[in-house]
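Participant: Quick one: this structure, given as structure tokens, is what I'll be asking you about.
The values are calculated or read from the model by the stated rules, or taken from the named source; none is laboratory data. This one's a predicted model, so the numbers in the text were calculated from it and none came from an experiment. Positions of Cβ are generated from backbone atoms using ideal geometry, with glycine treated the same way; all protein chains shown enter the neighbour counts.
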Amino acid sequence: MPAGAHMVCDTPISHLPAATPSVVMSLNKKGITTVGELLAASFDEVAYQLDSFDDAEVLINEAKKAAKEHANKSDASAQEEDRMPEQGQNDLGPDKQQPTSDQREAKPRQHEAPKPTSGQVGLATAMQAVLSLDGGAFASMEASSAAAQRLAAAALIIQHGGGEDEAVAAGLLDTIDPKAPSVDREDASVRFGEPAVDLLERAELLLTVPMSPSGKPSNVHAKLVEVADPSALLVATCGAVASARAVLARYQSSGDQAWSLFKGGRDFAVWYFGSICKALGPALKKAGRESLSHELWSVVRALEATGGEDRKAA
């Protein structure tokens, strides 16, 4: 049976061997939850969602097999029911009595896999976004580190009640490592929608801190934060927390070598994250996100404390 044909089969796609959690979430997001719905979809649609023609072919072949088994069982069951009245209910022994219709209906129904929550779908989509970046998430040490940071930002979004577009935008934010894979905005718009990419750009504006001639953050940035929409504020903050934690983790494992990521070294890193914290903190509290504000302040204080004793002695 070709993809696109219609067959009634309510077996969840999660029962197919090739249906990994990320595959199930990707298809569920498009309303494909059962084998019948999978076979009713076009091959191109399935391949696009899985980002692989080979994986789509394997999954659809498994769906055809499952649908055929389902149809055979249904036919066999129907034939058995047709034969039973001919045998005669009363001719059977007491231990072999045919179950009544009420007894048959009382049998427990086959357990259906629960549909993923919006948060699970958002995180799965963010994972797809990270893995789709040029070079791949595991093409190099830098790419793997960047992927971990991006996924940490997306996970924070879900933890703080964000949605799918916000999780994707957080997963596409630039990371602390300049050698990490970059985002192709046009491709991202096609894959994940223009709203997510527009949100990414608004969040990036909040993470760009221009300096005035006095050496202090520009008033322009403060005004941007003041009028920022809640989604952009959430994405920018989760990105900042994930970035600062990545810097801190690198410092804890590599020492002062971590500051080589910044042209201005440790002083610039501390200044930058401190400026972000001072700018976004009040806006977060105003938006009712005190816990996220606290997370940002905590990691910035930890950065400020790096090498504190050595620097005081010097």
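Participant: I need the full set of residues from the range 276-303 which are more than 16 Å from Ala242 (Cα to Cα) and surrounded by fewer than 19 Cβ atoms within 10 Å (Cβ to Cβ), in order please.
Facilitator: Those that are more than 16 Å from Ala242 (Cα to Cα) and surrounded by fewer than 19 Cβ atoms within 10 Å (Cβ to Cβ): Lys278, Pro282, Lys285, Lys286, Ala287, Gly288, Glu290.
Participant: Continuing with this model, one more query. Based on what the data block shows, is Ala170 modelled with pLDDT of 75 or more and within 26 Å of Ala249 (Cα to Cα)? Reasoning before the result, please.
Facilitator: On the way: modelled with pLDDT of 75 or more: yes; within 26 Å of Ala249 (Cα to Cα): yes.
For Ala170, the condition - modelled with pLDDT of 75 or more and within 26 Å of Ala249 (Cα to Cα) - is met.
Participant: Evaluate the range 167-184: report whether one residue or more is among the charged types (D, E, K, R) and outside any loop (DSSP other than H, G, I, E, B). Spell out the reasoning first.
Facilitator: Step one: list which residues in the range 167-184 are among the charged types (D, E, K, R), which gives 174, 177, 179, 184.
With the extra rule that they be outside any loop (DSSP other than H, G, I, E, B), the set shrinks to none.
Within the range 167-184, not a single residue is among the charged types (D, E, K, R) and outside any loop (DSSP other than H, G, I, E, B).
Participant: Going by the conditions given, is Ser22 closer than 22 Å to Leu131 by Cβ and touching a helix residue (DSSP H, G or I) at 6+ places or on another chain (Cβ under 7 Å)?
Facilitator: Numbers: closer than 22 Å to Leu131 by Cβ: yes; touching a helix residue (DSSP H, G or I) at 6+ places or on another chain (Cβ under 7 Å): yes.
Yes; evaluated as a whole, the condition is true for this residue.
Participant: What number goes with the only condition from (1) at pLDDT below 65; (2) farther than 17 Å from His15 by Cα that Phe53 does not pass?
Facilitator: Here Phe53 meets the rest and fails (1).
Participant: Would you call Ala148 in the same structural domain as Ser260 (by TED's automatic domain parsing), surrounded by fewer than 20 Cβ atoms within 10 Å (Cβ to Cβ), among the aliphatic types (A, V, I, L, M) and farther than 20 Å from Ser275 by Cβ?
Facilitator: On the way: in the same structural domain as Ser260 (by TED's automatic domain parsing): yes; surrounded by fewer than 20 Cβ atoms within 10 Å (Cβ to Cβ): yes; among the aliphatic types (A, V, I, L, M): yes; farther than 20 Å from Ser275 by Cβ: yes.
For Ala148, the condition - in the same structural domain as Ser260 (by TED's automatic domain parsing), surrounded by fewer than 20 Cβ atoms within 10 Å (Cβ to Cβ), among the aliphatic types (A, V, I, L, M) and farther than 20 Å from Ser275 by Cβ - is met.
Participant: Could you tell me whether the range 153-174 includes any residue that is surrounded by fewer than 21 Cβ atoms within 10 Å (Cβ to Cβ) and over 19 Å from the mean Cα position of the chain (by Cα)?
Facilitator: No, the range 153-174 contains no residue that is surrounded by fewer than 21 Cβ atoms within 10 Å (Cβ to Cβ) and over 19 Å from the mean Cα position of the chain (by Cα).
Participant: Given the residues Val58, Val8, which is the only one that is of a type outside the set (S, T, N, Q) and modelled with pLDDT of 75 or more?
Facilitator: Numbers: Val8 fails: modelled with pLDDT of 75 or more.
Result: Val58 is the single residue among Val58, Val8 that is of a type outside the set (S, T, N, Q) and modelled with pLDDT of 75 or more.
Participant: Right, something else. Answer with yes or no whether Gly136 is outside any loop (DSSP other than H, G, I, E, B) and modelled with pLDDT under 70. Talk me through it step by step, then tell me what you get.
Facilitator: On the way: outside any loop (DSSP other than H, G, I, E, B): no; modelled with pLDDT under 70: yes.
When the stated conditions are applied, Gly136 does not pass them.
Participant: Does the range 266-273 contain any residue that is exposed (fewer than 15 other Cβ atoms within 10 Å of the Cβ) and touching a Phe, Trp or Tyr at 6+ places or on another chain (Cβ under 9 Å)?
Facilitator: There is at least one residue in the range 266-273 that is exposed (fewer than 15 other Cβ atoms within 10 Å of the Cβ) and touching a Phe, Trp or Tyr at 6+ places or on another chain (Cβ under 9 Å).
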